[in-house]
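Reading through the structure tokens given below for one structure.
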Amino acid sequence: MQNPKLKQLHDEWLLEAAIEDMQGKLASGEITSVDLVHMYFYRVSHFDGAICSVLEINPDALQIAAALDAERASKGARSGLHGIPILLKDNIDTGDKMHTTAGSLALENHRAAADSFVAAKLREAGAILLGKTNMTEWANFMTIGMPSGYSSRGGQTLNPYGEFDVGGSSSGSGAAIAANFAAASIGTETSGSILNPSLKNSLVGIKPTVGLVSRSGVIPIAHSQDTPGPMARTVKDAAHVLNTIAGLDEKDPATLSNPTTLPIDYAAALTDKRLNGFRIGIAGKPYSDRLNKHKIKMIGDAVQCLRELGAEIVEDIVIPSAEEKWSYDVLVYEFKPDLNAYLSATSYSNKIRSLADVIAYNYKHPKAMLKYGQKLLVESENTSGTLLEKEYINSLEKDQYFSRDKGLDVALKQNNIDAILFGGDRGSGIAAKAGYPTVIVPAGYTPNGEPFGVSFTGTAFSEETLLKIAYAFEQATKHRKAPVLKEESGK
């Protein structure tokens, strides 16, 4: 960097700076939001060539930062995210000069006419939408066997920690924040797509209750399970983002199921570093199967830490439906009508207006589009799109019954526990089918440097409790460490 002040800040301060650290320097005048954007631009241009996590930068980012700096000087900060750069997954609409493509070249020229609910809430809070991140194409619902982090638009995102799976489908959001290309990012999850890349990139990820955060303006997979959520380097940073993006939205009826009438300040609630009074159950088989000895030890160390923090531990709890044979039928049936509704509402300049159009485009450009096939797209297109099939109705009812009434809720109630600890993201599937929240937090690294974590799952709208547990664990352990990046000349 040419500016010696920014170079020193970049080299000595920015790498693991938390959002509250940034706000402190912004409030004192030591830095500006323009400075932050310049430093993040520098990092993306110099280090992302080896990772391929960021698809594009918001061309208005510096001007937006300057406007927010002027507003701070005249009126003060709007919120804890005022002037803070945030990245968004490439399936989240932004009504600006950036594209929204779900990683597909079929939508490479698509610009949303308006902000998604999430993007609008971030702008309202004064956050800077810095850019869009790569993702597993169509949120990993294109085919079977596509590598996590691959898209026809962005290529292959790599894990900044080494030759490990980068995790999917919010792969770019995970890799970019691990490499500190922004303060935090927004991912989306249908089943594991926030939790898995957070695990793989040593991040805190929040998969919210379906209905806490609106899905309007997000390219969908399935309305029964989809949700956006934060990915960050610390629990409190993720909580600050969740504060901003949660809320009621008439366009998304799921948000109207939220029993909370007043907004919860999730970040402000993170004050206690002890866990006295909390009861935490430890998921037993099959969730503990097939983990190597290093990961098993990290889970054991995490449980011991929770004990030392004052939590009462219930070992090897039984989730009655743990051995149930699950299917992805609900996703197959919901994808077609949900995607068709999204595409049909886009600008008329977008020629791709249905799932059938996507499939036809891919067949027309097989070299670019069909490296791994499109089995799931075709399977979904072959449904009626009306959700009348008995297979769909039966699968939906089964998923919700066995994940909730005969799954997580019965385990929570019978053991009188506040949360269930899973090793890694092992509980992501059952929580996704239930629509229940999970918070994942770093728990260490294997001897070869692979990140690992533990996750805490609860019943619907229990995010505040889960975040308190994750925060106390994080503060006691401080496991996260930054990856060592290789500088490249650019993308």
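Values in this text are rule-based calculations from the coordinates and carry no lab data. As the structure is a computational prediction, the values presented were derived from the model and not from experiment. Ideal geometry is used to build each Cβ from the backbone, glycine not excepted, and the neighbour counts take in all protein chains shown.
How long are the semi-axes of the equivalent ellipsoid of the range 227-333, taking √(5λ) for every eigenvalue λ of the Cα gyration tensor, in whole Å from largest down? Could you put the intermediate results ahead of the total?
Numbers: eigenvalues 172, 119, 41 Å².
Equivalent-ellipsoid dimensions as semi-axes: 29, 24, 14 Å.
What list do you get for 93, 35 if you sort them by fewest beta carbons within 10 Å?
Details: 93 25, 35 22.
The fewest-first ordering by Cβ neighbours comes to 35, 93.
Rounded, prolate or oblate, given the Cα gyration tensor of the range 337-491, with a/c below 1.5 counting as rounded? Before the final figure, lay out the partial values.
Working: a/c = 2.63, a/b = 1.31, b/c = 2.01.
Oblate shape, in that a/c is at least 1.5 and b/c is the bigger or equal ratio.
Please list 3J(HN,Hα) in residue order for the range 449-457, calculated via the Karplus relation 6.51 cos²θ - 1.76 cosθ + 1.60 where θ = phi - 60°; whole Hz, with x for glycine and proline.
Ordered by residue, 3J(HN,Hα) equals x, 6, x, 9, x, 10, 10, 10, 10 Hz.
Given H placed 1.01 Å from N in the peptide plane, which residues other than close sequence neighbours of residue 424 have an amide H under 5 Å from its amide H?
453, 454, 455
What is the fewest-to-most order of 305, 52 by other Cβ atoms lying within 10 Å of their Cβ?
Working: 305 17, 52 23.
Placing the least packed residue first, the sequence is 305, 52.
Give me the percent of DSSP beta bridges within the chain that run antiparallel, rounded to the nearest 5.
Details: 29 of 45 bridges.
Restricted to the chain, the bridges split so that about 65 percent are antiparallel.
For the range 13-109, which chymotrypsin sites (Phe, Trp or Tyr not before Pro) are both in a DSSP coil and crowded by at most 12 other Cβ atoms within 10 Å? Numbers along the way, then the final one.
Working: sites: 13, 40, 41, 42, 47; in loops: 13.
Here no loop site has a sparse enough neighbourhood.
Label 7 Å along Cα→Cβ of residue 386; the range 295-334 residues with amide nitrogen under 20 Å?
Residues passing the 20 Å test: 330-334.
Using a Förster distance of 22 angstrom, determine the FRET efficiency expected from the C-beta separation of residue 365 and residue 56, and round it to 0.05. Please report the intermediate quantities before stating the final value.
Working: r = 21 Å, r/R0 = 0.94.
According to the calculation, E is roughly 0.60.
Over the C-alpha atoms of the chain, what are the Rg and the largest Cα-to-Cα span, Dmax, in Å?
Final numbers for Rg and Dmax: 21.3, 66 Å.
Straight-line reach from residue 97: which aspartates and glutamates have a Cα under 19 Å away, not including same-chain ones fewer than 8 places off?
The qualifying aspartates and glutamates are 56, 60, 108, 115, 124.
Quick one: Cα convex hull volume of the range 1-155, Å³ per residue?
Working: hull volume 18.7 nm³, N = 155.
Spread over its residues, the Cα hull of the range 1-155 gives 121 Å³ apiece.
Is the range 1-92 best put as rounded, prolate or oblate by its Cα gyration tensor, with a ≥ b ≥ c the root eigenvalues, rounded for a/c under 1.5, and otherwise prolate when a/b is larger than b/c, oblate when not? Walk me through the numbers on the way to the answer.
Numbers: a/c = 1.80, a/b = 1.28, b/c = 1.41.
Note, shape of the range 1-92 comes out oblate.
For all pairs of alpha-carbon atoms in the range 392-460, what percent lies in each bin of width 10 Å, listed from the first bin to the last filled one?
20, 44, 24, 11, 1
Run the simple label-point estimate for residue 372 and residue 63 please: 7 Å along Cα→C-beta, distance reported in nm.
With each label point 7 Å from Cα toward Cβ, the separation is 3.7 nm.
Working out 0.36 nm times the residue gap between residue 345 and residue 74, then minus their Cα-Cα distance, what length gain in nm do you get to one decimal?
93.6 nm
Which of 173, 403 comes first, and how do the rest follow, when ranked by fewest Cβ neighbours within 10 Å? Each step should come with its number before you reach the end.
On the way: 173 39, 403 23.
Going from sparsest to densest Cβ surroundings: 403, 173.
Can you classify the range 214-263 as rounded, prolate or oblate using the Cα gyration tensor, where a ≥ b ≥ c are the square roots of its eigenvalues, rounded means a/c under 1.5, and otherwise it's prolate if a/b beats b/c and oblate if not? Walk me through the numbers before you get to the answer.
Values: a/c = 2.45, a/b = 1.31, b/c = 1.87.
Oblate is the answer for the range 214-263, as a/c is 1.5 or above yet b/c matches or exceeds a/b.
List the pairs from 285/406; 236/297; 251/468; 5/25 whose alpha-carbon separation is above 19 Å, in the order I gave them.
On the way: 285/406 16 Å; 236/297 26 Å; 251/468 31 Å; 5/25 13 Å.
Too far apart for the 19 Å limit: 236/297; 251/468.
Post the alpha-carbon centroid distance, the range 277-355 to the range 202-256, in whole angstrom.
What the calculation gives is 15 Å, centre to centre.
Once fully extended, how much extra length lies between residue 276 and residue 15, figured as 0.36 nm per residue of separation less the alpha-carbon to alpha-carbon distance?
Values: separation 261, 0.36 × 261 = 93.96 nm, distance 3.31 nm.
Answer, rounded to one decimal: 90.7 nm.
If packing is taken as the mean number of other Cβ atoms within 10 Å per residue, what is the order of 192-204, 317-329, highest first? Mind dumping the intermediate values first?
On the way: 192-204: 30.9, 317-329: 16.0.
Result, highest mean Cβ count within 10 Å first: 192-204, 317-329.
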